[in-house]
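Have a look at the structure that comes next, please.
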Ligand code: GLN
């Protein structure tokens, strides 16, 4: 059910918030043993929150925008009093004493917390397999990964375990799992949504955003979570426009650019390419003008990101030293061995790999050759986008070069895993808003995602184009035999 429909049904008394929550909880009980999308289900709190909404309805109070909507939250967003693990042994027992701004805004607008979802450890990965608490399965085919790092949130929405979820996106972690699971995932402009209370991975790239079953629902949630936050110094002061009122405005006159370098890439699956190009044709029939654009440095994004993101991560993760909070080894003899052993035992292999790469890239002899050079390439990538947006309003690419891969298939070769972020990373490097939404299915019946990228702070147009494509294509109604299998 869409958020707007829930709101209407609640208002009319056709359903209660308690019933909405109960429905989700029983769905979770039925399917989550197979999926492992949730690390924790906050059943009691969800029922209590729902009761408060029902009481408010009974008292005739006006309801806030997300009243009664059951949400799942990626477990790297701090929730006061609710364990927040980042899917790491390091934070296995961490109960935050404060609430992240985004979740606080959700609860203030009436949303209900159903539970916390699985992710790759500290959001480092593309498959949710690096979680210390077991991987999550793709609801369309349990032998496949749901994508990552927000795989738990994507799978939960796809399997109908919640109405919506939040994830975080540093290099594609909202959009890639959205595409693998056949749902909508939005990464807002860097700074549009507060990062306060999001456990930091790479601070110049991280951004929080929603997973939903429709673009209109994404717009509803962005409306609530967007806006300046004095507690996040990188949060933008720009006013928050109305994201829902212009979803149906005419598209005629808009120009959509197909990024040549993505479609020419040899790693792109032919089925994905075909489906995304068919989606572009459909957009054309809705009145937009299609043009081919070139972003010559687009494919350098991956090499750039894998210097910058680990560098920032190595600094951000220095705080887990066994002293202040988090895991502490029991075996130590002195301060040095305590820190060393705590980090050795508390972090998994992918996190250690990133810390090593980042520390190397920032070390005195190499910082010019790696980190500073990567920052220069980042500027070139941003300039490519600036040039492209002189001619077009929106850019279009596939979200991921392939559909969901099989569990374990990239684990032995981290670089092949990194390549699955090829098409999503450039938007993070340039700070641009981008959305993934379903555009079709491959021969195995797995969802394919299309990515639309907007100019800085142009979420209004991004959502407008995405919404009208979604309405016209009606991908989920026209899906081949088979379904989300659970
Ligand atoms: N898959 C990418 C990585 O491992 C992106 C992760 C993310 O966006 N959090 O770094």
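FYI, it's all coordinate maths here, none of it is from the lab. What you see is a predicted model; the values in this text were computed from it and never measured. Neighbour counts are summed over all protein chains in view; Cβ atoms, including those assigned to glycine, are modelled from backbone coordinates with ideal geometry.
Please compute the contact order of the range 161-213 in relative form: average sequence separation of alpha-carbon pairs under 8 Å and at least six residues apart, divided by the residue count, as a percent.
Rounded, it is 51 percent for the range 161-213.
I've got another one for you. Could you give the alpha-carbon Rg of the range 378-486 over 2.2 N^0.38 Å, rounded to two decimals?
1.22
Counting other beta carbons within 10 Å of each residue's own, what order do 217, 281, 54 fall into, fewest first?
281, 54, 217
For the range 63-126, what is the largest minus smallest coordinate of the Cα atoms on each principal axis, given in angstrom and ordered from greatest to least?
Extents along the principal axes: 39, 27, 17 Å.
Here's another thing I want to ask about it. Given the chain, report the % of alpha carbon pairs whose separation exceeds 32 Å.
Tail of P(r) above 32 Å: 35 percent of Cα pairs.
I want to check the label-to-label distance for residue 55 and residue 284. Put each point 7 Å from Cα in the C-beta direction and report it in nm to one decimal.
5.9
Let me ask something else. Using just the alpha carbons, could you tell me how many Å³ per residue the convex hull of the range 188-282 encloses?
Looking at the range 188-282, the number lands at 167 Å³ per residue.
In terms of the Cα gyration tensor, with a ≥ b ≥ c the square roots of its eigenvalues, is the range 19-112 rounded because a/c is under 1.5, prolate because a/b exceeds b/c, or oblate?
Taking the square roots of the gyration eigenvalues as a ≥ b ≥ c, the range 19-112 is oblate.
Just how far, in whole angstrom, is the range 272-303 from the range 51-75 if you go by their alpha carbon centroids?
For the range 51-75 versus the range 272-303, the Cα centre distance is 40 Å.
Relative contact order for the chain: what percent, with Cα pairs under 8 Å and sequence separation of 6 or more?
About 17 percent, as a whole number.
Find how many whole Å separate the alpha carbon centroid of the range 367-405 from the alpha carbon centroid of the range 407-434.
That distance is 13 Å.
If you line up the Cα atoms of the range 249-395 on their principal axes, what length do they span on each, largest first, in Å?
Reported extents, whole Å, longest axis first: 70, 32, 30.
What is the fewest-to-most order of 47, 343 by other Cβ atoms lying within 10 Å of their Cβ?
The fewest-first ordering by Cβ neighbours comes to 47, 343.
Starting with the highest mean, order 160-166, 302-308 by the number of other Cβ atoms within 10 Å, averaged over the residues of each peptide.
Highest to lowest by the protection proxy: 160-166, 302-308.
Taking the number of other C-beta atoms within 10 Å as the exposure measure, put 184, 95, 415 in order starting with the fewest.
Lowest count first: 415, 95, 184.
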